[in-house]
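Below is one structure; the comments refer to it alone.
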Amino acid sequence: MLSKQPIPWEDRPADSKEVMWRFSKNPIIGRYHTAISNSIFNSAVVPFEDGYAGVFRCDDRSIRMNIFAGFSKDGINWQIEDTPIQMSAGNTDLLESEYKYDPRVVFIEDRYWVTWCNGYHGPTIGIAYTFDFKKFYQCENAFLPFNRNGVLFPKKINGKYVMLSRPSDNGHTPFGDIYLSQSPDMKYWGEHRIVMKVTPFPESAWQCTKIGAGPVPILTKEGWLLFYHGVIHTCNGFRYSMGAAILDEHQPDIVKYRSRPYLLAPAAPYELMGDVPNVVFPCASIYDEAGRIAIYYGAADTVTGLAFGYIDEIIDFVKNNSL
Ligand code: BMA
């Protein structure tokens, strides 16, 4: 989301030619940051009041997956609650939720909307809204199980709310493409369209097994800039990297450009080692009027990191290296 206050930032290192670079103080949130956490990763951050607020995935030391509110003045140093978000009933009776993970947060019109992977007889997409990050109101699940990576666009398009998601299975899903669904009211979802599929091996192999939307898309002069994760199944398991695509502003199931090379892939020690090695999993971004962007990503399903870039340079990179 656009931030009017200073965003976390560090200039590109003098010896770097990378389009995106890591924060030298990564990870910004360690695995034992709260009293009960085993790991804090794949979490979402937005500008809020005179600082930032977020919804964090903290797996506890029973490895129960849940989401927790957090607050920060600078977007780097976070106070995260020790107790999970307690939902009240939103646009329906309060639904059961066996687990919650991989939240995204977006401000639309008058409130913050949270989407996450909700355990309802298998993973599906849960939706809630909040005004203050204290009280949260849970709404209807968007889809039938099984589905993951529900990411809302930050405004209605053609009069409807629009969400990206990835239909999946009940396990670690060895497949997955990005779809789009539409809703007049945040309750009933339909008009499902394919957006993009995995790449045929070996065309762009880092994204040949599954792909899923990352942070909330950003409206630019070229269209919607979508950061997403792409996965390759190697002899040692899945490897998660980050790429970007540009979708048509008015018809976002049309992909205008899509990066052949990744923008960020597991390479730092905290991305290569952890509870699930080799994972870079972006879930949120904040950017300023100058076009500088900070991306929050989960590293190795254990800690949270930041990467930086310039939106214009990223767009040029995607256009010049498009599939
Ligand atoms: C996905 C989700 C993510 C996780 C990723 C890599 O299926 O569980 O939360 O980061 O796998 O383990």
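Quick note: the coordinates plus some simple rules give every number you see, no bench work behind them. What you see is a predicted model; the values in this text were computed from it and never measured. Cβ: placed from backbone, ideal geometry, glycine included. Neighbour counts: every protein chain shown.
Quick look at the values:
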item: Contact order relative to length of region 29-121, as percent, for alpha carbon pairs under 8 angstrom and 6 or more apart; result: 23 percent
item: q = 0.14, 0.21 Å⁻¹, region 178-323: log10 I(q)/I(0) [Debye, one scatterer per Cα]; result: -0.68, -1.35
item: Scaled radius of gyration (Cα, divided by 2.2 N^0.38 Å) that region 115-244 gives; result: 1.09
item: For region 21-320, with +1 on Lys and Arg beta carbons and -1 on Asp and Glu, the positive-most of PHE131, ALA244, THR209 along the dipole; result: THR209
item: At most 16 other Cβ within 10 Å, DSSP loop - GluC sites (Glu not before Pro), region 230-309; result: GLU249, GLU289
item: Region 54-108: trypsin sites (Lys or Arg not before Pro) in DSSP loop, at most 16 other beta carbons within 10 Å; result: ARG61, ARG64, LYS73
item: Percent RCO, i.e. relative contact order, over the chain, from Cα pairs under 8 Å lying at least 6 residues apart; result: 18 percent
item: Per residue Cα convex hull volume in Å³ - calculated over region 174-233; result: 113 Å³
item: Rh by Kirkwood over Cα pairs, then Stokes-Einstein D for region 1-138 at 1.567 mPa s and 4 °C, µm²/s; result: 81 µm²/s
item: Loop-located GluC sites (Glu not before Pro) in region 95-174, at most 16 other Cβ atoms within 10 Å (DSSP); result: GLU96, GLU98, GLU109
item: Electrostatic dipole magnitude of region 21-320 [Cβ: Lys, Arg +1; Asp, Glu -1; Cα centre; debye, to 20]; result: 440 debye
item: 222 nm mean residue ellipticity, helices alone, for the chain (DSSP H n ≥ 4; -39,500 (n - 2.57); rounded to 500); result: -1000 deg cm²/dmol
item: Ranked CYS283, CYS58, CYS139, CYS208, criterion: other C-beta atoms within 10 Å, fewest first; result: CYS208, CYS139, CYS58, CYS283
item: For region 21-320, with +1 on Lys and Arg beta carbons and -1 on Asp and Glu, the positive-most of CYS235, ASN149, VAL303 along the dipole; result: CYS235
item: Largest-first principal axis extents of the Cα set of region 93-177 (Å); result: 37, 29, 20
item: Whole-Å distance, taken between Cα centres, linking region 182-226 and region 244-323; result: 13 Å
item: Region 159-275, relative contact order in percent, only Cα pairs under 8 angstrom and at least six apart counted; result: 17 percent
item: Total formal charge among the other residues, if their Cβ is under 9 angstrom from that of CYS283, Lys/Arg +1 and Asp/Glu -1; result: +1
item: Which of TYR32, ASN66, MET196, positive extreme of dipole for the chain (C-beta unit charges); result: MET196
item: Angstrom value of the Kirkwood radius, inverse mean 1/r, which spans all Cα pairs in the chain; result: 19.3 Å
item: Assigned charges on the beta-carbon of Lys, Arg, Asp, Glu; region 245-305 dipole about Cα centre (debye); result: 240 debye
item: Spatially proximal aspartates and glutamates relative to LYS155 (Cα-Cα < 16 Å; intrachain offsets below 8 disregarded); result: GLU109, ASP110, ASP185, ASP248, GLU249, ASP253
item: Max mean-square fluctuation residue, GNM over the chain, Cα-Cα springs under 10 Å, options VAL198, VAL151, VAL19; result: VAL19
